[in-house]
Amino acid sequence: MDKLNIIGIRVDDRDDRAASVQKVLTNYGAKISGRFGVPARDKQDGLIAIVMEADASDVHRLTSDLRNIEGVAVNSMNV
């Protein structure tokens with residue numbers, strides 16, 4: 001059964017990593033209900049918040065795929 005999840009993604013050096021992060025998010029696009037991005041003004045880092053309607057295995061796969069990208073940190077919670 002799909003549950004509502006919030007996933008926080010911190011991207012260091014987003015100029016170098018944005019394409020890789022976007023590719024992963026696109027793969028799960030059908031399950032993503034919303035996305036909000038906040039770039040750091042004084043650095044090249046950024047924060048992305050994702051709302052995802054998915055079961056635990058989908059969330060685990062998404063977060064694992066993102067964690068495999070160097071400079072990307074991920075946390076998730078089920079609501």
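Each reported figure results from applying straightforward, stated rules to the coordinates on display, with no laboratory input. This structure is a prediction, so every number in the text was calculated from the model and none was measured. Neighbour counts are summed over all protein chains in view; Cβ atoms, including those assigned to glycine, are modelled from backbone coordinates with ideal geometry.
In table form, for the structure just shown:
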quantity: Positive-end extreme of charge dipole, the chain - chosen from 47, 60, 6 (charges on Cβ); calculated: 6
quantity: Between 0 and 90°, nearest 10: helix 14-27 axis offset from the chain longest Cα axis; calculated: 20
quantity: Under the Karplus curve 6.51 cos²θ - 1.76 cosθ + 1.60, θ = phi - 60°, whole-Hz ³J(HN,Hα) for segment 53-69, x wherever Gly or Pro sits; calculated: 9, 7, 7, 4, 5, 5, 4, 4, 5, 4, 5, 5, 4, 5, 5, 6, 8
quantity: In Hz, Karplus ³J(HN,Hα) per residue of segment 70-79 (6.51, -1.76, 1.60; θ = phi - 60°; x = Gly, Pro); calculated: 4, x, 10, 10, 9, 9, 9, 8, 8, 9
quantity: Sorted by Cβ density within 10 Å, fewest first, the residues 70, 53; calculated: 70, 53
quantity: The chain, dipole about Cα centre (Lys/Arg Cβ +1, Asp/Glu Cβ -1), debye to the nearest 20; calculated: 120
